[in-house]
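Here is the structure we will look at, set down as structure tokens.
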Amino acid sequence: MADPIILLVSGEFLDVLTEHFRRYEQEYDVRAAATAAEATATMTAAVAAGQPVAMVVSDSQLPDASLLAAMHEWRVLVPTARRIVAIPISRFGAETMALRPALQKGKFDTHLLLPQGLRDEEFHYAVVELLSDWGATVATSEIDTVRVITPDSSPLALAVRDFLDRTGFPHRTYAPDSPQGQEALALHDGPPRFPLVHLSSRPFADRPIIAPSSVRELAALIYGRPSDIEVDTVVDLAVVGAGPAGLAAAVYGASEGLTTVVIESDVIGGQAGTSSMIRNYLGFPRGISGMRLAQRARTQAIRFGVRFFTGWPVVELRPGADGAPHTLVTEGGELRAHAVLVASGVTYRRLGVTPLEDLVGAGVNYGAAMTAAREMEDRDVYVVGGGNSAGQAAVHLARFARSVTILVRRDGLAATMSKYLIDEIEWNPRITVRPTTQIVDGGADESGQLGWLRLRDLSTGAEERVGAGGLFLLIGAAAHGDWLPEDVRRDERGFVLTGRDVPAECWADGLPPANLATCVPGVFAAGDIRSGSMKRVATASGEGASAVALVHAYLEGLRSPASH
């Protein structure tokens, strides 16, 4: 395949842009256009030839068209391309103010000061950041450290690919009759059972081919099992859940000298890890994908000595009595810890429409399912949910799908979604919102994939059958805490009670536990699993970090003579 295109568009400053983008020419096809019309022709030809367009970098003033009209036309042509506006310093102050409303609505990704001289690394940092995001969410990986061999998009194959995407393992998918598929089949013992996973990197040389029956089997091979920890070991802090709260606790705990272990039932990053782009997280002005945020936090935690075990749901917590260690039980072994942070988060509520539950993995997805988004090209897609996760999923899906329809039971999005996402959705021509609507039925097409939905208008009762190529369900939060003992009190919806919210019998000397502490000494809760939490990435991270101070205080109490 031809190299992805980076398209530079400017009348007056084309030579400046061309000079600064020479560093990308080895791996990208850098093109130059002096007018908007020339840029449109270049993109049209690229689409016809099947050549990807990774990025468009445009001068803020074009000789033959308004910037925003041109950006809109280019977005229609190539929705997946990242879009940068480069502004000369002489116009920077006035134009950044003028372009702010368009930036807020997502009409382009960012505006940057046109480079003023050599080695403008701040400029190139933004460029590389956006190219990296494009490569992770759109492009087919050029590296195949992991090869997935499968004849079709079975639910298990899709789950394996989604796991590899979210954990950052470079991978590609091959058919069994391809050279790569034949190589894997030759190395595999016994009859083939797809998908086959060919782990070609050195750490997996002793078991390069596996036919996993579940994602957990692959996760255990990469991250190990909780039983790998020596039986006699008691860690200072065990974190259950590797979403934003758990990751923040791991980083802060380990950096302050606590021996820390994280157990995650699914993939590091939790529900937030599926978000295509989080734009309101402090310190990331151009936004960051949930996957990238999770990868960076995991790397940071590992640097401080944290051990991760993924694919192992905790099935039981056995509290220790009188300061004795707590025990976490998983199917992969037991782990003992002086302190436990419950950060297991939430799961999406089930739709409850049986024919569609039977199609999960065959066009129906719970969560954003970033991998499945790439397969929605030229399809009509539906997203159910009115929260930020649903909005982020819709914006990302609109890069691929022919149309995206958000279905909500309320009369709009204002009560449940951030304003910046609502603005972006209202501007995007591929996204529509259907309020007061629910799904009551659905079914497959001739291929066994999702083919249609039946929608009911809750205001009138009228029903309509619509064609559907994909369904993404992000409907509310169900607490993920059934494994907790009765001593860890929960509210009527299953969320963990902490601080002043715990029953009065848990108070000591008329005082409630600390704000993130539960009824069980040494067991804390943070993030979405905690009753009353805000269900936002930033607040979950803050709670996870704050819990570490309470863990220190608890451990100090165990060590002091007065506690014995």
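Of the residues in the range 318-334, at least one is surrounded by 20 or more Cβ atoms within 10 Å (Cβ to Cβ), in contact with a helix residue (DSSP H, G or I) (Cβ under 7 Å, 6 or more places away or on another chain) and either among the polar types (S, T, N, Q) or modelled with pLDDT of 90 or more (or both). Return only the number of the condition from (1) buried (at least 20 other Cβ atoms within 10 Å of the Cβ); (2) modelled with pLDDT under 95 that D509 does not satisfy. Result: D509 fails condition (1) only. Of the strands (runs of 3 or more DSSP E) lying entirely inside the range 451-553, those containing at least 1 residues that are in contact with a His (Cβ under 9 Å, 6 or more places away or on another chain) span 523-525. All of A301, A254, A248 fail the test of being small (G, A, S) and closer than 21 Å to V346 by Cα, apart from A248. In the range 134-168, which residue that is at pLDDT 85 or above and over 22 Å from T310 (Cα atoms) is nearest to the chain's Cα centre (by Cα)? Once the filter is applied, the top-ranked residue is W134.
If only residues of the range 337-352 that are more than 24 Å from the chain's Cα centre (by Cα) and crowded, with 20+ Cβ neighbours inside 10 Å are counted, the one that is nearest to L558 (Cα to Cα) is H338.
Can you pull out the residues in the range 279-290 that are more than 16 Å from A245 (Cα to Cα) and either outside any loop (DSSP other than H, G, I, E, B) or touching a Leu at 6+ places or on another chain (Cβ under 6 Å) (or both)? So that I can check it myself, show each step before the final result.
Kept after step one, since they are more than 16 Å from A245 (Cα to Cα), are these residues of the range 279-290: 279-280, 283-289.
The answer is I288, and nothing else.
Evaluate the range 85-92: report whether one residue or more is polar (S, T, N, Q), outside the structural domain of G168 (by TED's automatic domain parsing) and buried (at least 18 other Cβ atoms within 10 Å of the Cβ).
Going through the range 85-92, the residues polar (S, T, N, Q) turn out to be 90.
Cutting the leftovers down to outside the structural domain of G168 (by TED's automatic domain parsing) gives us 90.
Add one more test, that the residue is buried (at least 18 other Cβ atoms within 10 Å of the Cβ), and what stays is none.
No, the range 85-92 contains no residue that is polar (S, T, N, Q), outside the structural domain of G168 (by TED's automatic domain parsing) and buried (at least 18 other Cβ atoms within 10 Å of the Cβ).
Among the strands (runs of 3 or more DSSP E) confined to the range 310-393, the ones with at least 1 residues that are among the charged types (D, E, K, R) are located at 314-318, 333-342, 380-384.
With the condition being of a type in the set (S, T, N, Q), I'd like the helices (runs of 4 or more DSSP H) fully within the range 55-147 carrying at least 1 qualifying residues. Step through it out loud before you land on a result.
Working: elements: 67-77, 92-104, 121-137.
Qualifying helices (runs of 4 or more DSSP H): 92-104, 121-137.
So which pairs qualify, if the first residue must be in the range 22-51 and touching a residue at least 40 places away in the same chain (Cβ under 8 Å) and of a type in the set (A, V, I, L, M), the second must be outside any helix (DSSP H, G or I) and exposed (fewer than 13 other Cβ atoms within 10 Å of the Cβ), the Cβ gap must be under 8 Å, and the two must be at least 6 apart or on different chains? Matching pairs, first to second residue: A49/A2. Would you be able to say whether some residue in the range 297-307 is assigned to a loop (DSSP other than H, G, I, E, B) and of a type in the set (V, I, T)? The answer is yes, given that some residue of the range 297-307 is assigned to a loop (DSSP other than H, G, I, E, B) and of a type in the set (V, I, T).
Give A538, A514, A478 a once-over and let me know the one that is closer than 30 Å to A373 by Cβ and in contact with a Leu (Cβ under 8 Å, 6 or more places away or on another chain). Being closer than 30 Å to A373 by Cβ and in contact with a Leu (Cβ under 8 Å, 6 or more places away or on another chain) holds for just one of A538, A514, A478, which is A538.
No other residue among L17, L114, L77 is surrounded by 15 or more Cβ atoms within 10 Å (Cβ to Cβ) and closer than 29 Å to R402 by Cβ apart from L77. Per the listing G363, G386, G442, G448, the residue uniquely under 26 Å from T167 (Cβ atoms) and touching a residue at least 24 places away in the same chain (Cβ under 8 Å) is G363. Of all residues in the range 243-276, those satisfying the criterion of being within 23 Å of G320 (Cα to Cα) and either hydrophobic (A, V, I, L, M, F, W, C) or surrounded by 24 or more Cβ atoms within 10 Å (Cβ to Cβ) (or both) are G246, A249, A250, G253, A254, L258, T260, V261, V262, I263, E264.
So that you can scan it fast, the table gives a plain yes or no per residue for (1) of a type outside the set (S, T, N, Q); (2) crowded, with 17+ Cβ neighbours inside 10 Å:
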{"site": "A126", "(1), (2)": "yes, yes"}
{"site": "L130", "(1), (2)": "yes, yes"}
{"site": "W134", "(1), (2)": "yes, yes"}
{"site": "P151", "(1), (2)": "yes, no"}
{"site": "P155", "(1), (2)": "yes, no"}
{"site": "R161", "(1), (2)": "yes, yes"}
{"site": "S178", "(1), (2)": "no, no"}
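The requirement of being modelled with pLDDT of 90 or more, closer than 27 Å to D378 by Cβ, β-branched (V, I, T) and surrounded by fewer than 17 Cβ atoms within 10 Å (Cβ to Cβ) is not satisfied by V56.
Within the set G442, G469, G451, the sole residue that is crowded, with 16+ Cβ neighbours inside 10 Å, in contact with a helix residue (DSSP H, G or I) (Cβ under 6 Å, 6 or more places away or on another chain) and outside the structural domain of M277 (by TED's automatic domain parsing) turns out to be G442.
The values are calculated or read from the model by the stated rules, or taken from the named source; none is laboratory data. Given the structure is predicted, the values throughout are model-derived calculations rather than measurements. With ideal geometry, Cβ positions are generated from the backbone for all residues, glycine too; neighbour counts draw on all protein chains shown.
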